Amino acid sequence: MRRSVKFRLIFLMSAIASYWLGFQFLPQNLETDNSKHLLIGFSVLYFVLLPLLYWFCIIKVGEQKLWKMLLIFSLSSLMARLSFPVEVASYFEFIAWMRYPIIAVLLVIQLFLMVSIVKGLWQARSLSGDPRVHILDTFQEQDDKKRSLALVMASEPASWYYAIPYLSRNHTAAITALRLRSASIWIWLLMIVSTLVSAGLAYYFIEPWSEIVAIIVSSIISYSLVMVTANYRISKNYSLYRHQDKLIINNSVWGFISIKFADIADVELGEYNRKEDKEGLHLGYGDTSNIKLTFTQPMTYFGGLGQLTEQVDMIDMQVSEPQLVLECIQAYQASDAEHSSSETLSDCESADMPVQLDSSPQA
């Protein structure tokens, strides 16, 4: 397990345990000194220790942007509003009042999302690749926040694009395939059943409290069937392909990387033990990889549906036919070198510069 993933799990488990303990042990009111001590302790936990842990595990180790610290402070404020004693929880009432503008903003976003989905689906008819890759090409020079939002918006049409075979009929053919468990039809069927069962359980447990909320939550869970199907079809058919001057690698629907062929410094075939390099980015299942790519500069891997980024200098993969990947990269680099050479010759001729050819007699 890579160091960044390990620390994300550490933070996630710590946050869940901290908030759970808060709901279990924080008193309803401040009638005793012990209650005040508990309040001080959990306040430090919520607003000092957890943000520090988030900064170290996510921002520093995970190499995320500092503005994402707002997420943990917002989450801690919400938990404080729900778990702190009544006398103090009222100071976090702004979280409750914020629900009205948040609902309004969400409605606007939903309307915009519906328009963007329809527009994205219509445009997807003629696309030859992942809509997220086209968005990435458009926003590659933008800052992290704009690119992150753009990838969120692109994930929805991308899911439909891959889930419906008709929409992805013009997709570029794969070079070969990553060996992913999610490419198995049995895993796909298991995920479908799990999703439907989760939707049913959500409705069953929430319905006594609110039938409307139960319908909304179960509908959202059921809607993820589109992504589950897209995950299967990407893993099976489109995990590794060429898009213009780039090599696109889809680690199922959850992560992808776009690599310019010109930025690939070296390609090695062989058997690489992943236990010897726990910090590397390994794609495909198994204890070993059969191909390794080294880059001339750090490349960005977009995990977590494009929201968790990592800078990598090399990746190794377990693919079905590694020789095809090597041949594709070599063919592109050879044609690119030939094209560059012809352009140089053309520039020399257009500038009326003499071109020196070696006319010395052969031995």
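The values are calculated or read from the model by the stated rules, or taken from the named source; none is laboratory data. Here the structure is a predicted model, which means the values were calculated and not measured. Neighbour counts are summed over all protein chains in view; Cβ atoms, including those assigned to glycine, are modelled from backbone coordinates with ideal geometry. Ligands, DNA and RNA are excluded from the accessible area calculation, which covers all protein heavy atoms including side chains. Shrake-Rupley method; radii C 1.70, N 1.55, O 1.52, S 1.80 Å.
From the list SER222, SER252, which residue is touching a residue at least 24 places away in the same chain (Cβ under 8 Å) and closer than 15 Å to PHE302 by Cβ?
SER252
Can you name every residue in region 304-332 that is out of contact with any strand residue (DSSP E or B) (no Cβ under 6 Å at 6 or more places or on another chain), over 18 Å from ARG179 (Cβ atoms) and not in a strand (DSSP E or B)?
GLY304, LEU305, GLY306, GLN307, GLU327, GLN330, ALA331, TYR332
Surrounded by 16 or more Cβ atoms within 10 Å (Cβ to Cβ), more than 22 Å from PRO157 (Cβ to Cβ) and not assigned by the TED database to the domain that holds ILE315 - does that describe any residue in region 216-238?
Checked region 216-238: at least one residue is surrounded by 16 or more Cβ atoms within 10 Å (Cβ to Cβ), more than 22 Å from PRO157 (Cβ to Cβ) and not assigned by the TED database to the domain that holds ILE315.
Could you count how many residues in region 176-190 are assigned by the TED database to the domain that holds TYR161 and among the β-branched types (Val, Ile, Thr)?
Selection size over region 176-190: 2.
Using the structure shown, decide if LEU70 is in contact (Cβ under 8 Å) with a residue 40 or more places away in the chain, surrounded by fewer than 17 Cβ atoms within 10 Å (Cβ to Cβ) and either farther than 21 Å from GLU310 by Cα or not polar (S, T, N, Q) (or both).
For LEU70, the condition - in contact (Cβ under 8 Å) with a residue 40 or more places away in the chain, surrounded by fewer than 17 Cβ atoms within 10 Å (Cβ to Cβ) and either farther than 21 Å from GLU310 by Cα or not polar (S, T, N, Q) (or both) - is not met.
Give region 16-37 a look and list any residue that's part of a helix (DSSP H, G or I), open to solvent by less than 90 Å² (accessible area, probe 1.4 Å) and touching a helix residue (DSSP H, G or I) at 6+ places or on another chain (Cβ under 6 Å), or say none.
SER18, TYR19, GLY22
If you scan region 165-187, which residues turn out to be surrounded by 11 or more Cβ atoms within 10 Å (Cβ to Cβ), part of a helix (DSSP H, G or I) and not charged (D, E, K, R)?
Selection gives SER182, ALA183, ILE187.
Being open to solvent by less than 100 Å² (accessible area, probe 1.4 Å) and at pLDDT 85 or above is the requirement here; does PRO51 meet it?
Yes; evaluated as a whole, the condition is true for this residue.
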